[in-house]
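As structure tokens, the structure follows; a few thoughts come after it.
Nothing in this text is a laboratory measurement; each read-out follows from the coordinates by a stated rule. This is a predicted model, so every value here is computed, not measured. Positions of Cβ are generated from backbone atoms using ideal geometry, with glycine treated the same way; all protein chains shown enter the neighbour counts.
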Amino acid sequence: MWNTILESKRDDYARFLANRDTDIGAFLEIGTPAQWTVDSGDAEPSGTEAAVTTGAAPSLRLPIAVKDNIAVQNYRLTCGSRMLEELQCPYNARAIERLAAAGAEIVGKTNLDEFGMGSSSDNSALQTTNNPWDVTRVAGGSSGGSAAAVANRQVPVAIGSDTGGSVRQPAAFCGVYGLKPTYGTVSRYGLVAYASSLETVGVLADSVDNLAATYRAMRGVDSRDHSSVEIPAPALDAVDQDAKGTIGVLAGDLGLDPAVERNFRATVTALEELGYTTRPVTLSTLEYVVPAYYTIAAAEASANLARYNGVRYGYRPIFSENPEELMRKARTEAFGDEVKLRIILGTYVLRSGFQDQYYTRAQKIRTLIRRELDELFGTVDAIVLPTFPTQAFAHGDDGMDPFQQKVADRFTGTGNLAAVPALTVPTGTEGGLPVGMQLMGPVFSEERLFAVARRLATVMPIQFPERSVPFSDWETTHNA
Ligand code: GLN
């Protein structure tokens, strides 16, 4: 179907994207069909490794939406910030070039929390995104626009970024699949930096197959990102679908909402019925995840965001007496409150004489978290755990306060601190809202996670909100 749309229904599909976005606000920019075809640079067509081993066709002929902190030529690159609101992007991220080489087209840019900082997308300075399951609720964040666009059936796949949960948490809130890959497997070239040692480009999708195909197209070492890594050859192959292993179930008092708790139990039962052996596991480092994550993320953010000084690009105040005032005004006027908070916090934890107390300590905790997970993955093949302790919350004051949102990052931040892959899968609905559980495995175990997710999908298939309309239905009513 998507192939036909890209071959012969481009104008109708562009109208569909805009028409279906009016009460959701997933997109900051919808491209005209001429913008969709992106230059692949010198990227090789994807799937070449996979094609050799599985015989699969290397093509990824899908319309894809991209979070607006990832560079796509001929679109803006706003990062959801006043600072970059007018920025026209002159180049393509490496991951985008690879998608283009595989045949994908980029149909638009999606809303996000400013620079990826948040869990609701309400920190976007440019737009509000509503959850397609209930428009009074948030889509999650920071890749909220990407998650909403997939849940609303506007696109089958959307690209996001995940620093502490920003692909997985909105995927759970909107009931779609969301992958944070192993750190370094997808090039960060062209991803606007927030916290470089934690973040990855990730995928949100309407099926495990679309998600896996997109990840395979994007992955691979890149000379322009020195933290990118060569994936060991065996990890490139699809895993035997029928192989069953042992899955650790995160135990202990996890502080979940009753609906999420119920769904977690149901997911574990489903895995057992599918033939997996489960056993309870604990993570003694779990309570240190959030302090370590926010210390490191804020420290890196304060350094990464120093480049927005009102001089080279981005927002520039109308008048200033001298360069210092120019810089101060640019940053005061164009950064939102959450971004300022993190820059101040990051500067605080890095100030001279205090590094040992905060930053270095957080790095040591990070090592312990990684070690504990390493040990755990010596005894189980993967673990299952919640993505977030609640379902999608309401916008504004009726929702979750910003501090609680940060505390709730404990299940996702683990994966970023340990650099391991984690996949959020839709596991049904409770009270009319979706829930998503997380599968986490050792580094390079993406294919294993896909295999578990595929099996789980046979008993817990993805569901779409009632308001969502597939293009084919929309086309029938609009061309009648
Ligand atoms: N909620 C986390 C934060 O605000 C996650 C962000 C992300 O992954 N980009 O930092």
key: Mean Cβ neighbour count within 10 Å, used as a protection proxy, ranking 17-30, 166-179, 408-421 highest first   = 166-179, 408-421, 17-30
ask   = Relative contact order (percent) for the range 413-471, with alpha-carbon contacts under 8 angstrom and 6 or more residues of separation?
value = 32
Summed side-chain charge close to residue 287 - residues other than residue 287 whose Cβ falls under 13 Å, Lys, Arg +1, Asp, Glu -1 = -2
note = Exposure proxy check on 5, 70, 318: fewest-to-most Cβ neighbours within 10 Å is 318, 5, 70
query = Check residue 237: other-chain or 5+ apart residues with amide H under 5 Å from its amide H, H built from backbone geometry?
reply = none
inquiry  = How are the alpha carbon pair distances in the chain distributed across 10 Å bins from zero to the largest one, expressed in percent?
reply    = 4, 22, 33, 27, 11, 2, 0, 0
ask   = Hey, what's the per residue convex hull volume over the C-alpha atoms of the range 438-479, in cubic angstrom?
value = 120
note = Per-residue ellipticity at 222 nm attributable to helices in the chain (runs of n ≥ 4 DSSP H, -39500 (n - 2.57) apiece, nearest 500 deg cm²/dmol) works out to -11000 deg cm²/dmol
query = Among residues other than residue 75 whose Cβ falls under 10 Å from its Cβ, what is the net charge (Lys/Arg +1, Asp/Glu -1)?
reply = 0
ask   = How big is the gap, in Å, between the Cα center of the range 128-201 and the Cα center of the range 426-480?
value = 14
Dimensions in Å of the range 150-275 - Rg and Dmax from alpha carbons = 16.4, 47
remark   = Least to most buried among 288, 215, by other C-beta atoms within 10 Å and fewest first, runs 288, 215
inquiry  = Only counting other Cβ atoms within 10 Å, I'd like 105, 446, 430, 273 sorted with the fewest neighbours first.
reply    = 273, 430, 105, 446
ask   = Across 10 Å bins from the origin, how do the percents of Cα pairs in the range 78-213 run, short distances first?
value = 14, 46, 36, 4
request  = Determine the equivalent ellipsoid of the range 223-370 by diagonalising the alpha-carbon gyration tensor, then write out the semi-axes as square roots of 5 times the eigenvalues, largest first, rounded to whole Å.
outcome  = 43, 21, 18
message = Bins of 5 Å, beginning at zero and ending with the bin holding the largest distance: percent of Cα pairs per bin for the range 271-325, please.
response = 4, 12, 12, 11, 9, 9, 9, 8, 7, 5, 5, 4, 3, 2, 0
Centroid-to-centroid separation of the range 237-284 and the range 287-341 [C-alpha atoms, Å] = 41
query = Quick one: which of 329/406; 67/364; 340/406 span more than 23 angstrom between C-alpha atoms?
reply = 329/406; 67/364
ask   = Could you give me the ³J(HN,Hα) list for the range 410-420, computed from phi with Karplus coefficients 6.51, -1.76, 1.60 and θ = phi - 60°, whole Hz, x at Gly and Pro?
value = 5, 7, 8, x, 3, x, 6, 5, 8, 6, 8
